[in-house]
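See below for the structure under consideration.
The values are calculated or read from the model by the stated rules, or taken from the named source; none is laboratory data. Since the structure is predicted, the reported quantities are computational estimates derived from the model, not experimental observations. Positions of Cβ are generated from backbone atoms using ideal geometry, with glycine treated the same way; all protein chains shown enter the neighbour counts. All accessible areas refer to the heavy atoms of the entire protein, side chains included, with ligands and DNA or RNA removed. Shrake-Rupley method; radii C 1.70, N 1.55, O 1.52, S 1.80 Å.
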Amino acid sequence: MAAAGAGLTEVGSEADNTAITFSLKDEDHTLGNALRYILNKDPRVAFCGYSVPHPSEQRVNVRVQTTGESARTVFKSALSDLAVLCNHVKAAFEKAVEEHKAEQGVEPIEVDEESD
Amino acid sequence: MDTEKKKKKKAAAAAQEAAGASTKLPQHLQDQKTRVFCASDAPTYQNVSYSGAYMASRIDDSLNMADFVKNLKVEIKSLTEEEMVFDIIGIDPAIANAFRRILIAEVPTMAIEKVFVVDNTSVVQDEVLAHRLGLVPLKVDPRNFEYRTEADNATEKNTIVFRLKKRCWEEGPKGAETRVNEKVYSSDLEWLPLGSELPPDEETKFTAFNAPQTAPGGQPIAPTHPDIVLAKLRKRHEVELEAHAVKGVGKEHAKWSPVATAAYRLLPEVILKEDIRGDEADELVRKCPVHVFDIEDLGPDGKRATVARPRDCTLCRECIREEGWEEKVALRRVKDHFIFSIESTGALRPEELFTEAIKILTDKCEKVLADLF
């Protein structure tokens, strides 16, 4: 067991770094399930699952077992992948909103021209 | 030699064909992967999360950022100051649900947290009135404020102070009096940009601000809706209090939730497995309570049923309930097509709320990443 940062605990074996349970404090299904999805879509991952040990404890455990790569590396890349994914969704959403607003802005002008 | 060349060519073509064929799943598996089937008894949802699940068909189901970027589509369907509906196509439920959960529970807003009652002779008890005040949505951008802990003093950066003072009396000739100030409305909350006017208190730390609060756009900070009834008064009843609003998130108390609803549904897909003509077409149109189907007039060939408004389908399955109809009509949902609807309580516009939610998920990732190093 190793304490990595304030909100994170790692549970795994010293000898085998391909299987680690990451215990995230103050997180829930929101991040747990999103990470589980990203990790399961990583070909280096042999198994991944998450659980919330108790509903009144603000904690989520994410289990990662890999096919040989360090579980830590894979977990890190999953986190950065999720962040990249979010940023892309944000960019796409903002672009769509902008286009929609531009369209909405144009319409009343066209109506005015027709009524003239 | 010619025959040898031909053979080679043939083999190469066959290999290419095999490779080409292998990039696509067999139709039934592709359907299973991308659709939910809504049969008359129960829906079937097959969820395969493992990236190597389709390796037998030589399909790599791992997350490829380039493909994700290519396939993701966002379409705004309607957008007003309070409400928006949009489609996100090409995303997994795990991610869509994360956004929904964050919208409800983790995007901050300002709400009344502490109420200091000077006088309350109305029939509404202090604690009930305080609770009602807490639930009043405030039209103020939470991004301009900081969180306040119990140890912090109230400042212009973490607290908004409102004063509420109202007294009811009767006017007019005896026997025909009319009541004045019969109701306490949310519009009676008067913003105090200079902070509390009550005497300073060590325990509660409600003090006047050092600098006056500024409201963006020159509009005073006020509740979103002016017409919420907070209490009813009778003759000589009076309410005088000070309400302090602070920043918080919905997972602590629902009053801080910035959305009235944030929900998604999967896009319904209605498929006519065979041509439905004549009286059967009329019957199908009649069956559907939300009018998904229309009749197409084919002139001399009679009429045919068409799926005109699949988005309106509620999957009530009324069209396939009767015997024999399930062979004619298939109801499905598209697994990666989310119809999101966000209804704001008024603090932020719905599109701002969604971008805030995405930012919060990114921040979560970065926080854990920072802890890992």
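Using Cβ point charges alone (K and R +1, D and E -1), the dipole size of chain B about the Cα centre works out to roughly 1040 debye.
Annotation: extensible slack from residue B:30 through residue B:170 equals 43.0 nm (criterion: 0.36 nm per residue apart, minus Cα-Cα distance). Other protein chain C-beta atoms within 10 Å of residue C-beta, averaged over A:20-28: 2.
Could you report the accessible area of residue B:55 in Å², rounded to 10, computed with a 1.4 Å probe on the protein chains as they sit in the structure? The accessible area of residue B:55 comes to roughly 100 Å².
Each residue of segment B:218-291 gets 278 Å³ once the volume of the Cα convex hull is shared out per residue.
Extending 7 Å from the Cα toward the beta-carbon at both residue B:147 and residue B:280 defines two label points whose distance is 6.2 nm.
log10 I(q)/I(0), Debye, Cα-only segment B:115-184, no solvent, q = 0.11, 0.15, 0.26 Å⁻¹? Taking Cα atoms of segment B:115-184 as identical point scatterers yields -0.45, -0.72, -1.26. Classified by the C-alpha gyration tensor, segment B:236-373 has a prolate form. Its axis ratio a/c, with a ≥ b ≥ c, is 1.5 or above, and a/b is larger than b/c. Per residue of peptide B:69-76, the mean number of Cβ atoms on other chains within 10 Å of the residue Cβ is 5.
Simple rule: put +1 on each Lys or Arg Cβ and -1 on each Asp or Glu Cβ in segment B:159-304, find the dipole, and look at B:260, B:278, B:164; the Cα lying farthest toward the positive end is B:164. An oblate overall shape is assigned to the protein assembly as shown, the ratio a/c of its alpha-carbon gyration tensor axes (a ≥ b ≥ c) being 1.5 or greater and a/b not exceeding b/c. Computed over the alpha carbons of segment B:109-250, Rg followed by Dmax gives 16.1, 55 Å. Structure remark: mean-square fluctuation, Gaussian network model of chain B, C-alpha springs under 10 Å; the largest value among B:227, B:119, B:41 belongs to B:41. Largest GNM mean-square fluctuation across B:224, B:178, B:121, computed for chain B with C-alpha springs under 10 Å, falls on B:178. Using the rule -39500 (n - 2.57) for each DSSP H run of four or more residues, divided by the residues of chain B, the 222 nm mean residue ellipticity is -7500 deg cm²/dmol. Between B:337, B:28, B:237, the Gaussian network model of chain B with springs among Cα atoms under 10 angstrom shows the greatest mean-square fluctuation at B:28. Straight-line cross-link reach from residue B:273 at under 18 Å between alpha-carbon atoms covers these aspartates and glutamates, not counting any fewer than eight positions away in the same chain: B:31, B:282, B:283, B:294, B:296, B:318, B:322, B:323, B:326, B:327.
The simple Förster model, with R0 at 25 Å and r as the Cβ-Cβ distance, assigns residue B:271 and residue B:48 a FRET efficiency of 0.65.
Peptide B:344-352 has a mean of 1 when you count, residue by residue, the C-beta atoms of other protein chains within 10 Å of its C-beta.
Radius of gyration (Cα atoms) of chain A, expressed as a multiple of 2.2 N^0.38 Å: 1.64.
Overall shape: prolate for segment B:265-346, with the ratio a/c of the largest to smallest alpha carbon gyration tensor axis at 1.5 or above and a/b above b/c.
Here chain B yields Rg over Rh of 1.16, to two decimals, using C-alpha coordinates and the Kirkwood radius.
Using R0 = 30 Å, the C-beta based FRET efficiency linking residue B:229 and residue B:177 works out to 0.90.
Under the criterion of Cα pairs below 8 Å and six or more residues apart, the relative contact order for segment B:109-250 equals 43 percent.
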